[in-house]
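Reviewing the structure listed below.
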Amino acid sequence: MTGRRLTSLLAYVTTAAAGASMLTGCGVLPGATGGSREPVTVMTWAPDQTRATNMPGMPAMAQTYARWINSQGGIDGHELRVLTCNEHNTPSGAAACARRAVHENAVAVVGSYSQNGRAFMAPLEAAEIPYIGGYGISEDEFTSPLSYPVNGGQASLIAGHGMQLAESCRTVSLVRPDTLAGDKLPELLNSGLRKASHRSAVDIPAVEDAAEYTAQADRAREKAGDRNGCVTAVLGERTQTFFDSFRRLPEQEGGEGGKRDSVRISSVLGSVGQPVIDRTGGAHSPFEGAFVTGWYPEAGDKSWAPMREVIQAHAFADNRVDPSDAGVQTTWIAYTVLKEVVESLGTDRVTAAQITHALDRGERIDTGGLTPSLRWKYEDLLGAPGFPRIVNHEVTFQVVRKGRLVAQRPGFVDVGATVLSAP
């Protein structure tokens, strides 16, 4: 090589290096190596278009979150890639979604819904993929060491609901799914009722995907009695069907003034929420006056403002993303956890093992008042039989007034001791 050609080559390399240096200072995502940090791939699944409970808003919220965070430069410079999957409310569907997450090298499953915990946790555990902020419907979410729940699940809701009803109801009828998961609900409800020395609820099992519930509704009303009786139904998406059957029952003779007896109805978030109330008539809904126990502040609370802004700007009129829906809310909180954990790592490549290690070592997550601060160190775990992974054991008491779910009392109610007392 001649001296002239060598000099030209050196000049080109020097100029290119200087240009790359300038780009690093004014165009590439912060902390990037070789142009950008590696993408972070996660999955969110939920059932859709099934005969039982459907949660299409959860994957839709995950996609909305990804559009928003990527418009901000990603999570600490990492593009967020969200895979979605329909688990069809079946064990085989849940297992297939989990296997796909493994195959696609997802570093976490985030903000998902499935009743089939045993089917999906085994593949995730084998691949050491964490399950962050599941809806809280399956027992495995509260037993697997790779699960990081953001709420207290059905256990906290039902135990808290017993505490809420004990204040106003003389007798309680509980209509619940005739399933293994449903079999646990009576004792959890009773643990809350017992906090006020209340008698146990009348247990009325029902088929989860029935088209009508006239027989169960009639029995529930009869057992609730004619003096401050309450009927609570926890049937997921079929709760609306049950209360429709309840509303259609023939009027009873007797009672005050010879009119039909007034029986208070109630439920928990996820079985009854603002979208259901809106669909069934708002202020004229059969749920007017109903007691509802939730995990989070009511939908109108100012703590939800950041989520609402993201939905308004990035959901693109997708009506599946309802900010009042408990599944959408849970997904938002779950992705808040993911964001804070990834930011705490400060690495160019994020792995499932790194996320798990950060959560296990005690990374504390601030959810902006939507939950207590979350941390999953051993000393933070409630350790309740069957639900050892609960770290958030606070609920909210709400009531339907003028068609809106509003706080019955301000703030959170700690139900940890109540859950611990359940058999």
Enumerate the calculated ³J(HN,Hα) couplings along region 263-277 in order (Karplus 6.51 cos²θ - 1.76 cosθ + 1.60, θ = phi - 60°), each rounded to whole Hz, writing x wherever the residue is Gly or Pro.
-> 10, 6, 10, 7, 6, 10, 4, x, 8, 10, x, 4, x, 5, 4
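Give me the net charge for the shell around Thr396: Cβ to Cβ below 12 angstrom, other residues only, Lys and Arg +1, Asp and Glu -1.
Cβ neighbours under 12 Å give a net charge of -3.
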Here, Ser36 and Arg247, labelled 7 Å along Cα→Cβ, have an inter-label distance in nm of 5.0 nm
Helix 57-71: angle to the longest alpha-carbon principal axis of the chain, degrees 0 to 90, nearest 10?
-> 30 degrees
Please give the peptides 327-333, 264-270, 141-147 ranked by average Cβ packing (other Cβ atoms within 10 Å per residue), highest first, as a rough proxy for protection.
-> 327-333, 264-270, 141-147
Roughly how many percent of the accessible protein surface of the chain is carbon and sulfur, given a 1.4 Å probe and a whole-percent answer?
-> 50 percent
Karplus 3J(HN,Hα) series, Hz, for region 172-186 with 6.51 cos²θ - 1.76 cosθ + 1.60 (x for Gly, Pro) | 10, 9, 10, 9, 9, x, 7, 9, 4, 5, x, 5, 7, 5, x
For His357 and Thr214, calculate 0.36 nm times their separation in residues minus their Cα-Cα distance, and state this gained length in nm to one decimal.
-> 46.4 nm
Isotropic mean projected area of the C-alpha convex hull, region 197-337 (nm²) = 11.1 nm²
Result for the chain: accessible area per residue, probe 1.4 angstrom, in square angstrom, of 44 Å²
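The values are calculated or read from the model by the stated rules, or taken from the named source; none is laboratory data. Since this is a predicted model, take the numbers as computed values, not measurements. Glycine also receives a Cβ, built like all others from the backbone with ideal geometry; neighbour counts cover every protein chain displayed. Side chains are part of the model used for accessible areas, which takes the heavy atoms of the whole protein and leaves out ligands, DNA and RNA. Shrake-Rupley method; radii C 1.70, N 1.55, O 1.52, S 1.80 Å.
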